[in-house]
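Every number in this text was worked out from the coordinates using simple rules, so none of it is lab data. Everything quoted here is computed from the prediction, not taken from an experiment. Don't worry about glycine lacking a Cβ; one is built from the backbone with ideal geometry, like all the others, and counts go over all protein chains shown.
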Amino acid sequence: MVPSQTELLVDLGLRDKIVGVTKFCVHPVELRKEKMVVGGTKQVRLDKIEKLNPDFILCNKEENTAEMVRELETIAPVWVTDMYDIPDCYEMISGLGAVLNVKDKARDIVDQIEKGVSDFKLFMKDKPSLTVLYTIWKNPYMVAGKDTFIDKLLELNKFNNAITDVNSRYPEVALSKMKDVDVVLLATEPYPFKEEDVQALQKELGNNVKLVDGEFFSWYGSRLIKAFDYFKTLH
């Protein structure tokens with residue numbers, strides 16, 4: 001029920017075991033043609049899931065609602081992940097590897113991510129810090145705040161989050177706030193910001209606006225293997 005964790009299951013070698021996915025499970029691109037699409041991350045067709053008769057359902061605290069999890073628990077055991085930082089990713093990947101009997105493959109994925117993190121920290125050692133807003137939505141503009149997985153990846157990039165309030169994870173921001181930072185980052189998801197949004201906002205603000213791949217900043221799982229090479233391109 002979580003796109004990034006669907007991709008992880010495939011990379012763990014469990015593609016043939018997957019019976020259902022959400023409409024947002026876009027990696028691998030052809031997977032939605034192979035598997036039953038049971039709805040989105042917030043609303044699902046319980047009748048479809050019941051017919052699939054799964055042994056195991058994978059959810060996430062932020063992506064899926066508590067009500068959905070309670071309903072799914074009437075069908076099969078539900079694993080709910082809760083992700084705040086990269087160590088949480090290691091724990092989740094290793095845990096799934098143990099439960100789903102693919103420990104070696106899980107260990108290999110964790111090793112690759114750990115190597116990527118270590119290499120990227122060396123790359124960033126002498127890079128300057130920048131104050132940023134990481135924008136996830138438009139009309140109204142909403143940004144990633146503290147205590148989020150995105151914020152932890154911003155930290156690795158030496159992007160200092162201009163949002164310091166720990167009580168609001170995805171607050172709304174005014175345009176005036178965007179003028180006070182070094183860079184405004186527009187993410188390609190969940191709102192599909194495009195290059196024309198960058199140009200329009202940059203013209204309005206008069207400061208630096210950059211389009212970034214939201215998957216690399218918010219997908220926890222095997223996508224992190226590729227994330228750090230992407231992050232290098234931002235610097």
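At a glance:
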{"quantity": "Rounded to the nearest 20 debye, dipole of the chain from Cβ charges on Lys, Arg, Asp, Glu", "calculated": "320 debye"}
{"quantity": "Whole-Hz couplings from phi, Karplus 6.51/-1.76/1.60, listed for the range 30-40; x for Gly and Pro", "calculated": "8, 4, 5, 7, 8, 10, 5, 8, 9, x, x"}
{"quantity": "Helix 224-233 vs. the chain, principal-axis angle (Cα, 0 to 90°, nearest 10)", "calculated": "20 degrees"}
{"quantity": "With Cα atoms, 0 to 90° folded angle of helix 103-124 axis to the chain main axis", "calculated": "0 degrees"}
{"quantity": "Alpha-carbon centroids, the range 61-120 and the range 159-223: separation in whole Å", "calculated": "26 Å"}
{"quantity": "Net +/- balance of residues flanking LYS127 in space, Cβ distance below 11 Å, scoring K and R +1, D and E -1", "calculated": "+3"}
{"quantity": "Nonlocal amide H pairs with ASN60, under 5 Å, H built at 1.01 Å", "calculated": "THR81"}
{"quantity": "Bridge type composition, the chain - antiparallel percent by DSSP, nearest 5", "calculated": "20 percent"}
{"quantity": "Degrees between helix 195-205 axis and first principal axis of the chain (Cα, 0 to 90, nearest 10)", "calculated": "40 degrees"}
{"quantity": "Value of Rg/Rh across the chain [Cα atoms, Kirkwood radius]", "calculated": "0.98"}
{"quantity": "In order through the range 66-76: 3J(HN,Hα) via Karplus (6.51 cos²θ - 1.76 cosθ + 1.60), integer Hz, x for Gly, Pro", "calculated": "4, 4, 4, 4, 4, 5, 5, 5, 7, 9, 7"}
{"quantity": "Neighbourhood charge, 11 Å Cβ-Cβ cut-off, centred on GLN202 and excluding it, Lys, Arg +1 and Asp, Glu -1", "calculated": "-2"}
{"quantity": "Highest-MSF residue in the chain out of SER222, SER129, SER176 [GNM, Cα springs under 10 Å]", "calculated": "SER176"}
{"quantity": "Mean ellipticity per residue at 222 nm, deg cm²/dmol - from DSSP H runs of n ≥ 4 across the chain, formula -39500 (n - 2.57)", "calculated": "-12000 deg cm²/dmol"}
